[in-house]
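Read through the structure below, which is laid out as structure tokens, and then see the notes.
Just so it is clear, none of the values below were taken in a lab; they were calculated from the coordinates. Given the structure is predicted, the values throughout are model-derived calculations rather than measurements. Here the Cβ is made from the backbone with ideal geometry for all residues, glycine too, and neighbour counts use every protein chain on show.
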């Protein structure tokens, strides 16, 4: 596998994330393999891009990702490409309070030109605990 394949996997993930942030779940679904595993923070499993959009609509008034870094690596055994996207979320909580600088890392497994697995981690739960006065230590 050459650098072009790694770049193509990164471009596929970037396109999926762009569609997801609109939000355009139907458009985002075009980048997912049938039966793709979508796991969000806390181990929440979703079966579709529309389910993740519905979840985000409850947690945020709106949310976007700044995508400053994307890295890809080939799994030599499976030939899957693992893509890691890191950056910060920004947007508004449901009450309209703006936020920025919320760290995230998303991992993706790309196989045969489609995303077969994604895992999403971010600081939102910690930020929400802090807002509710339930944080054990300052952020």
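What the table below lists for this structure:
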quantity: Computed FRET value (nearest 0.05) for residue 26 with residue 95, which takes r as the C-beta separation and R₀ as 22 Å; calculated: 0.15
quantity: Value of [θ]222 nm, deg cm²/dmol, for the chain, DSSP H segments ≥ 4, -39500 (n - 2.57) each, nearest 500; calculated: -9500 deg cm²/dmol
quantity: Cβ-based exposure ranking for 62, 93, in which fewest neighbours within 10 Å come first; calculated: 62, 93
quantity: Counting DSSP beta bridges with both ends in segment 3-131, the antiparallel % (nearest 5); calculated: 90 percent
quantity: Distance from segment 1-37 to segment 90-108 (C-alpha centre basis), Å; calculated: 20 Å
